[in-house]
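All remarks here apply to the structure that follows.
Where a number appears in this text, it was derived from the coordinates with a stated rule and is not lab data. Since this is a predicted model, take the numbers as computed values, not measurements. Cβ: placed from backbone, ideal geometry, glycine included. Neighbour counts: every protein chain shown.
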Amino acid sequence: MTFSSSTIAPIPINAGLEKISKPYRALFCDVWGVLIDGKRHFPHAVDALRRFRAQDGCVVLITNASRPDSEVRRQLTEMGLPSDCYDDLVSAGELTLAEMLSRRDQSCYHLGPPRDNGLFEEASRRLGAPIHRVGFDEADYLVCTGLFEERVEKPQDYDGLLAKMAARGLDMLCANPDIIVAIGEEIVYCAGALAQRYALLGGKVLMFGKPHPPIYAAAFERLQRLMGRAIDPKDVLAIGDGGATDLAGAGLAGIDCLFITEGVHADEIITPDAEINPTGLARLIESAGARPFAVAREVFW
């Protein structure tokens with residue numbers, strides 16, 4: 001089955017990985033919304049990744065999680081995601097951590113919930129000394145991992161604080177460029193929503209996750225280590241459920257994308273009858289500035 005409109009060439013719909021993965025040597029697979037929903041993992045997706053690896057394919061998970069790679073691994077294991085369905089992972093938090101380490105002589109302010117303290121604990125461990133955390137009025141830069149209380153607050157609640165930090169000229173390291181994320185059936189705002197408002201207020205933002213180039217460069221480096229040689233982008237298939245992150249990022253990186261509809265955009269592109277809404281899908285593709293190679297409700301073999 002294919003989808004087409006006057007503005008989009010035919011796109012395979014509900015395509016299994018077995019059907020579309022044969023030309024590819026590696027996968028860059030999103031995590032939240034594709035492999036897990038923040039509470040549980042998806043068995044069909046795990047099976048598909050295992051089968052791809054069994055055919056000598058390589059799987060690198062690429063996530064906008066604001067935590068170091070090691071902490072993301074632990075979190076995935078706790079949700080029951082088997083470690084044998086992927087070869088490596090790279091997180092936006094790990095890249096943010098590298099930038100924090102390069103600013104070892106500066107003080108930082110953490111804008112985000114206490115549960116993200118692992119980022120700062122890992123920075124201190126690698127530095128061999130506590131990272132210097134201070135209030136926003138004393139900081140040299142700020143690290144944004146999200147809203148303090150994402151289930152009750154909105155990004156606009158932070159405009160006053162963000163304006164004060166922008167007036168001081170503080171760089172914001174955005175550890176998770178996602179605007180929103182689905183946790184089970186609930187949609188909550190992420191660090192990217194605050195970074196977006198900070199930029200509008202004139203603040204300087206450094207982004208480390210999808211759709212920005214640094215995380216794809218890191219993923220290709222991981223692939224080269226795993227496979228022992230450089231990999232051409234045409235040999236990689238990205239899988240994700242975010243239009244502004246996964247789909248746009250794949251387009252910028254020059255790689256094909258399998259777009260998952262039962263994710264953060266489900267309300268926009270899935271009808272009450274559980275069918276794909278062509279208008280909603282076309283609108284999302286136009287907004288992302290890239291079109292998917294194929295579309296499926298979930299990852300399956």
Subject >> Positive-end residue of CYS58, ALA98, ILE20, charge dipole of the range 1-117 with Cβ unit charges >> reply: ILE20
Subject >> Value of Rg to Rh for the chain (Rh from inverse mean 1/r over Cα pairs, i.e. Kirkwood) >> reply: 0.97
Original post:
If the viscosity is 1.002 mPa s and the temperature 20 °C, what Stokes-Einstein diffusion coefficient in µm²/s follows for the range 94-207 when Rh is the Kirkwood radius over Cα pairs?
Top reply: 151 µm²/s
Subject >> Integer Hz, Karplus 6.51/-1.76/1.60 couplings in order for the range 264-275, x for Gly and Pro >> reply: 5, 9, 4, 5, 8, 10, 10, 7, x, 8, 6, 10
Original post:
Dipole magnitude of the range 94-207 about its Cα centre, charges +1 at Lys/Arg Cβ and -1 at Asp/Glu Cβ only, in debye to the nearest 20?
Top reply: 320 debye
Original post:
Suppose every K and R has +1 on its Cβ and every D and E has -1 on its Cβ; what is the size of the dipole of the range 164-260 about the Cα centre, in Debye to the nearest 20?
Top reply: 520 debye
Original post:
Could the peptides 125-135, 248-258 be put in order, highest first, of the mean number of other beta-carbon atoms found within 10 Å of their residues?
Top reply: 248-258, 125-135
**OP:** List the lysines whose Cα lies under 22 Å from the Cα of LYS164, skipping any in the same chain that are fewer than 8 positions away.
**Re:** LYS154, LYS204
Original post:
Which aspartates and glutamates does LYS39 reach when only Cα atoms under 14 Å apart count, and residues fewer than 8 places away in its own chain are ignored?
Top reply: GLU78, GLU185, GLU186
Original post:
About its Cα centre, how strong a charge dipole does the chain have in debye, to the nearest 20, once Lys and Arg get +1 and Asp and Glu get -1 at the Cβ?
Top reply: 700 debye
Subject >> Radius ratio Rg over Rh of the range 1-107, counting only Cα atoms, Kirkwood formula for Rh >> reply: 1.08
Original post:
Which residue, chosen from PHE42, PHE120, ALA167, occupies the Cα position most advanced towards the positive end of the dipole of the chain, where the dipole is computed from +1 (Lys, Arg) and -1 (Asp, Glu) charges on Cβ about the Cα centre?
Top reply: PHE120
Subject >> Protection proxy ranking, peptides 115-121, 148-154, 50-56, 168-174, average beta carbon neighbours within 10 Å, highest first >> reply: 168-174, 115-121, 50-56, 148-154
Subject >> VAL59 long-range amide H proximity, modeled H, under 5 Å >> reply: LEU27, ASP87, ASP88
Subject >> Estimated 222 nm signal from helices in the chain, with DSSP H stretches of n ≥ 4 weighted -39500 (n - 2.57), rounded to 500 >> reply: -9500 deg cm²/dmol
**OP:** Could you work out how far helix 92-102 tilts from the main Cα principal axis of the chain, as a 0 to 90 degree angle to the nearest 10?
**Re:** 30 degrees
